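Notes for the one structure printed next.
The values are calculated or read from the model by the stated rules, or taken from the named source; none is laboratory data. Source: prediction; values computed, not measured. Please note: Cβ atoms are built from the backbone with ideal geometry, for glycine as well, and neighbour counts cover all protein chains shown.
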């Protein structure tokens, strides 16, 4: 079995497809193809963060809460989604696929690492950054997939506005990252 992995690591097809990073153009083409395929199959835009809101509602209801009167969850279709469960929700299944697909590709490329947390500041920054990203994604009615790719694909002005501010945020975030964590 050990020889299999040694030989696999030397295989040119494996190196090109799974070990080396894709070019930006290849990534853009794949995202475009996936977006088109998703729209053709499901007749709706590709979204990620809406499922996270639903997961939160399921967790809240699991501890005795009731979200049926909340504006976002009050519609009949949303109530059906909440009652149907995890595996009946396409967004949840897709997100699960994204999570396990990312893990699998990291493992296949031998890039999986558990890093040591350096200090409390790193923990606080990660939590604060995650909360701000989640809040921003919900306020923008989607993340870079739903609010950017889906909106750009339908020529919505909101997608172009999102793109401009996402680039500004990425630039400022990288400057903060270098200043405080490098």
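What do you reckon, is residue 105 over 22 Å from residue 34 (Cβ atoms) and out of contact with any helix residue (DSSP H, G or I) (no Cβ under 6 Å at 6 or more places or on another chain)?
Here the answer is no, as residue 105 does not meet what is asked.
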Practice task
Please state which of the following conditions residue 67 fails to meet, knowing it meets all the rest: (1) surrounded by fewer than 11 Cβ atoms within 10 Å (Cβ to Cβ); (2) under 24 Å from residue 136 (Cα atoms).
Solution key: (1)
Handout entry: Selected residue (only one of 127, 114 is exposed (fewer than 15 other Cβ atoms within 10 Å of the Cβ) and modelled with pLDDT of 90 or more)
Key = 127
Exercise for the section: Select the helices (runs of 4 or more DSSP H) contained entirely in segment 1-85, then report the ones holding at least 2 residues which are modelled with pLDDT of 85 or more and over 29 Å from residue 152 (Cα atoms). Expected result: 49-62, 76-84
Practice task
Would you please list the contacts, defined by Cβ atoms under 7 Å and residues six or more apart or on different chains, that run from a residue in segment 65-90 that is over 16 Å from residue 50 (Cβ atoms) to a residue that is part of a helix (DSSP H, G or I)?
Solution key: 68/79; 87/93
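Tell me yes or no: at least one residue of segment 149-158 is assigned to a helix (DSSP H, G or I), exposed (fewer than 10 other Cβ atoms within 10 Å of the Cβ), at pLDDT 90 or above and not assigned by TED's automatic domain parsing to the domain that holds residue 30. It would help to see each step written out before you state the result.
Residues of segment 149-158 that are assigned to a helix (DSSP H, G or I), as a first pass: 149-153, 157-158.
Within this subset, residues satisfying the condition of being exposed (fewer than 10 other Cβ atoms within 10 Å of the Cβ) are 157.
This time we only want the ones that are at pLDDT 90 or above, so: 157.
Subsequent filtering for residues that are not assigned by TED's automatic domain parsing to the domain that holds residue 30 retains 157.
Yes, there is a match, as at least one residue in segment 149-158 is assigned to a helix (DSSP H, G or I), exposed (fewer than 10 other Cβ atoms within 10 Å of the Cβ), at pLDDT 90 or above and not assigned by TED's automatic domain parsing to the domain that holds residue 30.
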